[in-house]
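Since every read-out is calculated from the coordinates, none of them should be taken as a lab result. Owing to the predicted nature of the structure, the values given are computational and were not obtained by experimental measurement. For neighbour counting, all protein chains shown are included, and Cβ atoms are generated from backbone atoms with ideal geometry for every residue, glycine included.
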Amino acid sequence: MGLMALGINYQSAPIAIRETFTFSHDAASQVVCGLVRDAVAFEAVLLSTCNRTELYCDTVDPLRIFSWLEGHNKLLNEDVRKYSYSYSDISAVRHIMRVASGLDSMVLGEGEILGQLKTAFGVASQAGTIGKFLGRLFQTTFSVAKMVRTETGVGINPVSLGYAAARLSERIFSDLKEVRVLLIGAGDIIRLTAKHLQRLGVKKWVVANRTLARAELLASQLKGVVIEWDMIFDQLPNVDIVITGTGSALPILHKNTVEWALKQRKRRPMFMVDLAVPRDIEPCVAELEDVYLYCIDDLKALVEDNRTARKEAAVMAERIIALKAEQFMGWIKAESAWSTLHAFREKFERVRDQEVEDALKKLRGGQSPEVVLQRLAHGLTGRLLHEPTLKLREAGFEGNQELLALTRDLFELNDEIG
């Protein structure tokens, strides 16, 4: 068997190429089934995301994989192939483990890829293209990815502005399901921040934007409510988190407005994130008690510190992966010896069974048990040692010291010889 990983990703290929080489779950199932059906691969898994498409397989001829992909409905054309990469054996094992652990991701340490890899494995399992080797490899990989995240913390610290803002909110509110969030603006950075907050459990949303249609679109995605622009100030006492990101040239929220809202809230804390440049919230709002205000520079500093922490954690993660990849390849080598061990045992068990059968016949014929046992022992010894003796004599005659030394080690004869 031979493990192989090949594909394209955000580092090797531009989006114009990646978007031509993506697969739905049904299409991925058809590809892996075709590879196994046509005996191009013994086992296969196809991962397809917005940032990478990779095929993992057990094959005896990597060139046949490329040829099959090129010939099968032109899955792999010349343009795609020149942006592709491939890994084999231990390099393939390390690559898959690095992908699962988020070390090969656009955002170092991101955890989404592990779920996508598990889904790809599930699709291949349902398609019947998972066997002993990929089954063991992927289960080991999932375990390694969990170990990496637990022992190194590579994915703990947020490294995007939106995610950093969302995670900061957890320090203030114990249960985000109960908080109410006001989004002022409906641009990409607001949308992404809202997405992260939603994943952390936020369910109550209020959206305000100068262009009502964009506010309605975002609110529909979040299952929230839309308010008119001039209703923002009246809404402040009713919300726990305020996220702003408009293109306003002047501040939208002033100190006196926020101070009034806090009095209405009876000093319950308010978390505010200003993602706008110029700022939407007056900086002096941070002077108020019970307000936790972060501007974009605060978040950038936090993100930069976290990137450094993730890089340091990644070094530890690489060491774990290197060790686990070596251990997995050790298992592969042990498995490759199994056929030899199986044949070895079967051959000598046949000899044993034949000698025992002969001994039983003699016992039934009335021969002395003592004589039968002695002949059984001599017969077993003679038949089991006959061929090895001939081979060792031949090795001695030819000066094959390597085989002689191996035999001494295998049967622990060095002390016997002296």
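Under 18 Å from the Cα of K361, which aspartates and glutamates turn up, not counting those fewer than eight places away in the same chain?
D353, E370
Restrict the search to segment 324-418; then list the GluC sites (Glu not before Pro) that DSSP places in a loop and that have at most 16 other Cβ atoms within 10 Å of their Cβ.
Passing both the DSSP loop test and the Cβ count: E412.
Once you list every other residue whose beta carbon is under 13 Å from the beta carbon of K132, what net charge do they have if Lys and Arg are +1 and Asp and Glu are -1?
Counting the neighbours of K132, the net charge comes to -2.
Would you tally the net charge around L183, using a Cβ to Cβ cut-off of less than 15 Å, leaving L183 out, and scoring K and R as +1, D and E as -1?
+2
In nanometres, what is the gap between the two model label sites at S125 and T389, each 7 Å from Cα along Cα-to-Cβ?
5.4
In whole Hz, what ³J(HN,Hα) sequence does segment 234-243 give by Karplus (6.51, -1.76, 1.60; θ = phi - 60°), x for Gly and Pro?
Values, residue by residue: 5, 7, 3, x, 8, 10, 9, 10, 10, 10 Hz.
Would you mind computing Rg(Cα) / (2.2 N^0.38 Å) for segment 270-393, counting N as its residues?
Cα-based Rg divided by the globular estimate yields 2.79.
So, counting K/R as plus one and D/E as minus one, what does the shell of residues with Cβ under 10 Å around R267 add up to?
Net charge around R267: +2.
Once phi is turned into θ = phi - 60°, what whole-Hz ³J(HN,Hα) does the Karplus curve with 6.51, -1.76 and 1.60 give for every residue of segment 129-138, x standing for Gly and Pro?
10, 10, x, 4, 6, 5, x, 5, 4, 6
Going by the alpha-carbon gyration tensor, a ≥ b ≥ c the square roots of its eigenvalues, is the chain rounded (a/c under 1.5) or, if a/c is not under 1.5, prolate (a/b greater than b/c) versus oblate?
It is prolate, given that a/c is not under 1.5 and a/b is the larger ratio.
Specify the angular offset, from 0 to 90 degrees and rounded to the nearest 10, of the alpha carbon long axis of helix 62-71 from the longest principal axis of the alpha carbons in the chain.
That works out to roughly 50 degrees.
Name the long-range amide H neighbours of C295: under 5 Å, sequence gap of 5 or more, or other chain; modelled H, no Pro or chain starts.
Under 5 Å from the amide H of C295 lie the amide H atoms of D274, each far enough along the sequence or on another chain.
Rounded to whole Å, give me the distance from the Cα center of segment 195-247 to that of segment 376-418.
After rounding, the separation between the Cα centres reads 82 Å.
Test of understanding: in a Gaussian network model of the chain with alpha carbons linked when under 10 Å, which of A186, A100, A145 would top the mean-square fluctuation ranking?
A186
Which of the pairs K132/K347; K300/K324; K118/K311; K146/K204 have their Cα atoms more than 29 Å apart in this structure?
In this structure, K300/K324; K146/K204 exceed 29 Å between Cα atoms.
Can you work out the Karplus-derived ³J(HN,Hα) for every residue in segment 97-113? Use 6.51 cos²θ - 1.76 cosθ + 1.60 with θ = phi - 60°, whole Hz, and x for glycine or proline.
5, 5, 4, 5, 8, x, 7, 10, 8, 4, 9, 3, x, 5, x, 4, 4
K82: which aspartates and glutamates have alpha carbons under 12 Å from its alpha carbon, excluding same-chain residues fewer than 8 sequence positions away?
none
Please determine, in degrees from 0 to 90 and to the nearest 10, the orientation of helix 296-336 with respect to the longest principal axis defined by the Cα atoms of the chain, where the helix direction is its Cα long axis.
With both axes taken from Cα atoms, the answer is about 10 degrees.
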